[in-house]
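The values are calculated or read from the model by the stated rules, or taken from the named source; none is laboratory data. Every value quoted in this text rests on a predicted model; they were computed, and no experiment measured them. Cβ sites come from the backbone with ideal geometry, for glycine too, and all protein chains shown count toward neighbours. These accessible areas exclude ligands, DNA and RNA; they are computed on the full protein's heavy atoms, side chains included. Shrake-Rupley method; radii C 1.70, N 1.55, O 1.52, S 1.80 Å.
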Amino acid sequence: MPNAPKWVLDVVEKILIPKLPLMKVAETALLSPSVKRIRFYGDFKKLNFKPGSYMDIRVSDTEVRRYSAAFSDAKNGIMDFIVHLHGAHPGSDYMKKLNVGDKISTSILKPHKCYNESSKKYVIFGDETSLALACSIFSVFKKNNDEFQFYFELDEENKNVPQLLQLENYTVFAKDGSFGNEKWIQNLPVIQEEKWKDAVFILTGNAKSVQTFRKAIKNNSAAKIISHGYWLKGKKGL
Ligand SMILES: Cc1cc2nc3c(=O)[nH]c(=O)nc-3n(C[C@H](O)[C@H](O)[C@H](O)COP(=O)(O)OP(=O)(O)OC[C@H]3O[C@@H](n4cnc5c(N)ncnc54)[C@H](O)[C@@H]3O)c2cc1C
């Protein structure tokens, strides 16, 4: 539900929010002109964080948008968001304005179900909106000694962000429409190399790229695919 009348969101907030912890902005950092990391403090002990977990945040009187927890340390009450400031839109504007000391209400934490301990090999594809998921799953890969490869399609100004986030095994591609071309995707090493034929592919970010990547995998292997478009050109929220 990306939008609803103000009174509906007011009622939901009145009934639900008092039961959920408050999040207070502790730190913010611009990793590029359009990628912001926001660190929150709060009492998150009752939240069950899994890789890719996300929340619905009320970003205006009538709009709600989804954001993932990039990092969580429930014991010490820390949670990070990594947000794409992609333009003058309710979610992007709200995240851009968040500053140290601001308080926001959490929503129920929703699990992504992208990670399963029984699988040991992963390919993760996404864009700026997928960086939080990438960070949350990366720590689990390292802990469990999994094999993994990240593919990111990023704007030129964001190409160094994966390095700033200390991710490993990543390839950055220019956001030039290549991931809208199934034939081009079919030639990528993660599709061609035998090694990745039994990997789990986790595809998020631009819904058009996700859909095309999914088709390319399906036409080339029997690999397991978990896909979730995070935004669709011309559509508000998802
Ligand atoms: C499960 C889930 C987890 C998500 N996690 C994150 C996260 O951790 N960080 C994050 O930044 N985003 C995340 N997103 C994506 C975010 O919710 C969307 O980008 C959302 O549309 C932003 O809201 P907005 O109000 O800024 O733009 P909207 O009002 O929703 O959209 C306005 C216009 O901008 C376009 N648009 C939306 N997002 C982008 C974008 N990133 N780049 C270019 N154009 C865009 C839309 O297609 C539309 O045309 C997540 C989405 C989902 C579903």
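Some observations on this one:
- Residue pairs whose Cβ atoms lie under 6 Å apart, sitting 6 or more positions apart in sequence or on different chains, and linking a residue in segment 30-41 that is closer than 19 Å to residue 102 by Cβ to a partner that is in a loop (DSSP other than H, G, I, E, B) and at pLDDT below 95, are 41/77.
- Residues that are open to solvent by 30 Å² or more (accessible area, probe 1.4 Å) and away from the ligand (no atom under 16 Å from the Cβ) were ranked within segment 191-213; the one that is nearest to residue 115 (Cα to Cα) is 198.
- Hey, residue 73 open to solvent by less than 20 Å² (accessible area, probe 1.4 Å) and acidic (Asp, Glu) or not: no
- Tabulated pairs, segment 118-146, first touching a residue at least 40 places away in the same chain (Cβ under 8 Å), second open to solvent by 30 Å² or more (accessible area, probe 1.4 Å) and among the charged types (D, E, K, R), C-beta under 7 angstrom, 6+ apart or interchain: 121/147; 121/198; 127/175
- Scope segment 216-238; condition part of a helix (DSSP H, G or I) and surrounded by 14 or more Cβ atoms within 10 Å (Cβ to Cβ); matching residues: 216, 217
- Of all residues in segment 58-84 being of a type in the set (A, V, I, L, M) and within 15 Å of residue 231 (Cβ to Cβ), the one that is farthest from the ligand (Cβ to nearest atom): 64
- Only one entry of 68, 32, 60 meets the criterion of being small (Gly, Ala, Ser) and touching an Asp or Glu at 6+ places or on another chain (Cβ under 6 Å), and that entry is 32.
- Among the residues of segment 171-184, none qualifies, meaning not one is modelled with pLDDT of 95 or more, open to solvent by 90 Å² or more (accessible area, probe 1.4 Å), within 12 Å of the ligand (Cβ to nearest atom) and in a helix (DSSP H, G or I).
Table: residues versus (1) in contact with a Lys or Arg (Cβ under 7 Å, 6 or more places away or on another chain); (2) over 27 Å from residue 234 (Cβ atoms); (3) not aromatic (Phe, Trp, Tyr); (4) not in a loop (DSSP other than H, G, I, E, B).
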| residue | (1), (2), (3), (4) |
| --- | --- |
| 29 | yes, yes, yes, yes |
| 56 | yes, no, yes, yes |
| 64 | yes, no, yes, yes |
| 67 | no, no, no, yes |
| 72 | no, yes, yes, yes |
| 83 | yes, no, yes, yes |
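- Yes/no for residue 44 being open to solvent by less than 20 Å² (accessible area, probe 1.4 Å), within 21 Å of residue 93 (Cα to Cα) and aromatic (Phe, Trp, Tyr): no
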